[in-house]
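S.K.: Supplied in structure tokens, the structure appears directly below.
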Amino acid sequence: MNYNFYDIIALVASSLSLLSCGIFIFINKSGSIPRIFLTLAIGGVGYGLFITTLLNSRLIEEMPFLYRTAMPIAFIIGPSCYYYITTSLIQPLVFPKKFFLHLIPFMLAFIVNIPFLIKTNQEKIDILQRRYTGDINLLSGPDGWITGSQMATILGIFSILYLFQSFRILLKNKNEIRRSDPASFWWYLYLLIALSFIFLSLIYSAAHPDMSAYNSFTIIFSFLMISLLIYLFTRPDILYGTLVEKIEEGNVKSFGFKQDNPLSESDQNAVDPALIPVYKKKIEECIDKDKPYLRRDLRITDLSKQLDIPRHHLSWVVNNIYNLNFNDFINKNRLSYIESNFSNDEFKRMTLEGIAYDAGFNSRTTFTHAVKKFYNCTPSEHFKKNLN
């Protein structure tokens with residue numbers, strides 16, 4: 001077993017990746033759909049780094065059955081990243097079942113490795129030792145129905161295409177995101193850039209059969225992930241689940257915490273029961289008097305500051321007392337505001353779009369989505385009979 005610089009940085013990057021996944025799974029239990037995809041993406045990267053560590057240190061010879069498993073699993077990264085971005089910014093609040101179709105390449109990658117996977121452990125060890133003895137790039141080799149280099153190239157191109165689509169979606173929504181939550185915009189952007197460089201370096205490494213190319217790939221892979229994960233650890237709203245509410249619920253999703261009985265034993269530590277009526281009174285007085293929901297760029301952070309209530313407490317109260325996520329809570333009050341102004345002559349002269357805009361909605365899409373959610377009909381069906 002040889003331990004060197006490549007092993008150390010790959011091990012650090014792998015450990016950080018798996019630690020972040022552990023936090024997503026065991027500490028942050030919000031059940032957020034975007035977080036599921038982020039966990040899959042970072043988990044796939046972390047597993048790749050783990051296998052890289054085993055390869056560089058030759059510990060893989062103790063577990064030869066793991067060789068050629070990293071790249072098939074890495075086929076999950078591109079689709080997971082794409083769905084992380086889209087479910088954060090565009091998709092409705094349901095798990096997109098089409099995601100499973102995007103896992104077909106992942107399954108095919110395992111199938112083409114069957115010739116290697118069915119070999120005995122000793123045969124696998126012999127293959128690995130020939131790689132090390134010949135100073136051959138560990139990505140190469142005719143061990144399956146296609147070579148390791150061919151699979152790495154396909155993986156790189158496949159993933160870059162998904163990341164490119166993610167870039168397009170992010171840039172299409174950048175003005176809205178940067179206005180309402182600039183920190184999240186830079187996180188999305190850095191995530192996509194880092195993964196793009198990783199897969200571009202993978203393609204380069206696959207095209208060069210020597211170990212120096214593989215070592216360069218290890219360094220780039222590890223340092224990019226370390227920097228990305230350090231940034232992630234500075235974003236507790238992403239890491240621990242104190243979600244920043246997004247822009248338009250019709251196009252941009254916020255996913256609330258699991259809604260339990262507000263005073264259940266598991267949640268009593270979230271907010272002191274004695275504070276709940278105090279918080280509830282402050283929230284309702286603010287809603288009635290100040291009408292913060294009329295602000296089209298209102299975020300939970302803004303309302304938290306206005307009420308002088310800790311953000312995680314405000315989120316807990318909205319989720320557990322009102323049984324709504326933050327966007328639903330605000331949109332419900334916007335709809336109540338519209339209904340309370342039906343008798344207003346000025347309202348009767350306005351279009352539905354004008355009414356929605358006046359009530360704080362960002363767009364007709366958001367307005368329509370909210371009306372359908374709370375009234376189970378279109379805005380025209382619900383409001384026009386009251387406005388005419």
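The values are calculated or read from the model by the stated rules, or taken from the named source; none is laboratory data. Values in this document were obtained by computation on a predicted structure and should not be read as measured data. Because the Cβ atoms are built from the backbone with ideal geometry, glycine has one as well, and the counts that use them run over all protein chains shown.
S.K.: Would you be able to say whether some residue in region 104-112 is outside any helix (DSSP H, G or I), within 25 Å of the chain's Cα centre (by Cα) and within 20 Å of Ile157 (Cβ to Cβ)?
M.R.: For region 104-112, residues outside any helix (DSSP H, G or I), within 25 Å of the chain's Cα centre (by Cα) and within 20 Å of Ile157 (Cβ to Cβ): absent.
S.K.: Turning to a different aspect of this structure: Note down all Cβ pairs under 6 Å where the first residue falls in region 158-185 and is surrounded by 19 or more Cβ atoms within 10 Å (Cβ to Cβ) and modelled with pLDDT under 80, the second is outside any helix (DSSP H, G or I) and among the aliphatic types (A, V, I, L, M), and they're at least six residues apart or on different chains.
M.R.: Qualifying pairs under 6 Å: Glu176/Ile247; Ser180/Ile247; Asp181/Val244.
S.K.: Taking the condition modelled with pLDDT of 85 or more, at negative phi and buried (at least 21 other Cβ atoms within 10 Å of the Cβ), does Phe100 pass? Show your work before the answer.
M.R.: On the way: modelled with pLDDT of 85 or more: yes; at negative phi: yes; buried (at least 21 other Cβ atoms within 10 Å of the Cβ): no.
No, not satisfied.
S.K.: Taking the conditions exactly as written (under 21 Å from Tyr162 (Cβ atoms), in the same structural domain as Gly22 (by TED's automatic domain parsing) and crowded, with 24+ Cβ neighbours inside 10 Å), does Ile76 satisfy them or not?
M.R.: Judged against the criteria, Ile76 is not a match.
S.K.: Counting residues that are surrounded by 14 or more Cβ atoms within 10 Å (Cβ to Cβ) and modelled with pLDDT of 90 or more, which helices (runs of 4 or more DSSP H) fully inside region 258-353 reach at least 1?
M.R.: 276-289, 300-307, 311-320, 326-340
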